[in-house]
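Enquirer: Mind having a look at this structure? Questions to follow.
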Amino acid sequence: MRTRALATEFDARAIGTVVDWPNGENLGTWCAVAPLGRGGTAEVWRAVASDGREAALKLVRPEWRGHAGANALIRREHDVLRAVRSPHLIEPYELIDGESAAVLVLEYLPNGDLVPLLGAQPRQWLPAFRAVVAALAALEQHGLAHGDLKARNVLFAADGSARLADLTSARPLDAAAAVATAAYGLPALRGASARDADYFALAALLFELATAQLPYGPRGAAAGTELAAVSPGDPIAARLTEAAVAALQARGRVPGLSYFSDVIESVRGQHG
């Protein structure tokens, strides 16, 4: 871990406007060159080192910089990734811990996310879904749930392999369930664990991959929306949809990740 003073919107040394920062700024050995995306509290920038190496820099959004709780989430994500260390999780390089902004340096995954594969032939996305299951298994070995499973949090490396990213919402398996993204959330949280929430979200992701539709729409099951009635024409997609529906109707309370592994194995050899 490295510590240095970082330019922020509160710092006269900041380059450009609040919106621009950290564009062009050197953070340790990395220079932020282009924004890659932003979520509720954090944003991600593509960065390059002087030797040409690339990375993704994750830090809290401008309005949250200097907020101790927001920066603590970035530090905790670094700690979780360092502790778990799975080839199916995004790799952490370092944490640059500044005076008012923590910056998590991650491997750069240039080939986009899982969204473009929604509804594609299962053979195109089953390896990525298998990687997600493996990533969750690695987290479970450390007593953790991911907390925010969704298609946008599954990213592809240059070689086409998939990584599960965004561990900001990671929490103990037996902790009370929480909803980070409504479309993948449980219909009711009372009595549900973080493990249940992960399995429900995983079933929702499987449904979405097989049908190109969110099972309960963008507002999710908590909004009272009925489960979408979809019958894919592809027999493999239909089998996977059936398994996803069963897990959704059980509110994620399936025997374990083996449920999803067995579903994958049941169609092995049938998807080319």
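Enquirer: Just one of Ala237, Ala183, Ala221 is in contact (Cβ under 8 Å) with a residue 12 or more places away in the chain, touching a Ser or Thr at 6+ places or on another chain (Cβ under 8 Å) and of a type outside the set (Asp, Glu); which is it?
Expert: Every option except Ala237 fails the conditions.
Enquirer: List every residue pair whose Cβ atoms sit under 6 Å apart, with the two residues 6 or more apart in sequence or on different chains, where the first one lies in the stretch 35-46 and is under 11 Å from Leu104 (Cα atoms) and the second, anywhere, is outside any strand (DSSP E or B).
Expert: Close Cβ pairs (under 6 Å, with a partner that is outside any strand (DSSP E or B)) amount to Glu43/Arg61.
Enquirer: Determine which member of the set Val254, Val267, Val245, Val230 is more than 27 Å from Pro172 (Cβ to Cβ), modelled with pLDDT of 95 or more, among the hydrophobic types (A, V, I, L, M, F, W, C) and surrounded by 15 or more Cβ atoms within 10 Å (Cβ to Cβ).
Expert: Val245
Enquirer: Out of curiosity, is Ala244 under 21 Å from Gln121 (Cα atoms) and assigned to a loop (DSSP other than H, G, I, E, B)?
Expert: The answer is no for Ala244.
Enquirer: Name the single residue, out of those in the stretch 253-272 being in contact with a Lys or Arg (Cβ under 8 Å, 6 or more places away or on another chain) and part of a loop (DSSP other than H, G, I, E, B), that is nearest to Arg130 (Cα to Cα).
Expert: Residue satisfying both the conditions and the ranking: Val267.
Enquirer: Could you list, in sequence order, the residues of the stretch 169-187 that are surrounded by 19 or more Cβ atoms within 10 Å (Cβ to Cβ), in a strand (DSSP E or B) and small (Gly, Ala, Ser)?
Expert: Residues satisfying the conditions do not exist here.
Enquirer: Just checking, how many residues over the stretch 171-209 are within 21 Å of Ala228 (Cβ to Cβ), of a type in the set (Gly, Ala, Ser) and under 19 Å from the mean Cα position of the chain (by Cα)?
Expert: Of the residues in the stretch 171-209, 7 are within 21 Å of Ala228 (Cβ to Cβ), of a type in the set (Gly, Ala, Ser) and under 19 Å from the mean Cα position of the chain (by Cα).
Enquirer: If I ask for residues that are farther than 30 Å from His67 by Cβ and assigned to a helix (DSSP H, G or I), which ones from the stretch 93-129 would you list?
Expert: Within the stretch 93-129, Pro116, Leu117, Pro122, Arg123, Gln124, Trp125, Leu126, Pro127, Ala128, Phe129 qualify.
Enquirer: Can you tell me which residue is surrounded by the fewest Cβ atoms within 10 Å (Cβ to Cβ) among those in the stretch 120-137 that are touching an Asp or Glu at 6+ places or on another chain (Cβ under 8 Å) and closer than 23 Å to Asp198 by Cα?
Expert: Here the answer is Pro122.
Enquirer: Moving to a separate point now. Identify, by number, the condition in (1) outside any loop (DSSP other than H, G, I, E, B); (2) out of contact with any Asp or Glu (no Cβ under 8 Å at 6 or more places or on another chain); (3) over 22 Å from Pro127 (Cβ atoms) that Ala229 doesn't meet.
Expert: Unmet for Ala229, out of (1) outside any loop (DSSP other than H, G, I, E, B); (2) out of contact with any Asp or Glu (no Cβ under 8 Å at 6 or more places or on another chain); (3) over 22 Å from Pro127 (Cβ atoms): (1).
Enquirer: So Glu9 passes all but one of these: (1) assigned to a loop (DSSP other than H, G, I, E, B); (2) modelled with pLDDT of 95 or more. Which condition number does it fail?
Expert: Answer for Glu9: the failing condition is (2).
Enquirer: Something else now. Got a number for residues in the stretch 138-149 being surrounded by fewer than 22 Cβ atoms within 10 Å (Cβ to Cβ) and out of contact with any strand residue (DSSP E or B) (no Cβ under 7 Å at 6 or more places or on another chain)?
Expert: Residues flagged as surrounded by fewer than 22 Cβ atoms within 10 Å (Cβ to Cβ) and out of contact with any strand residue (DSSP E or B) (no Cβ under 7 Å at 6 or more places or on another chain) within the stretch 138-149 amount to 3.
The values are calculated or read from the model by the stated rules, or taken from the named source; none is laboratory data. If you're wondering where the values come from, they're calculated on a predicted model, not measured in any experiment. Because the Cβ atoms are built from the backbone with ideal geometry, glycine has one as well, and the counts that use them run over all protein chains shown.
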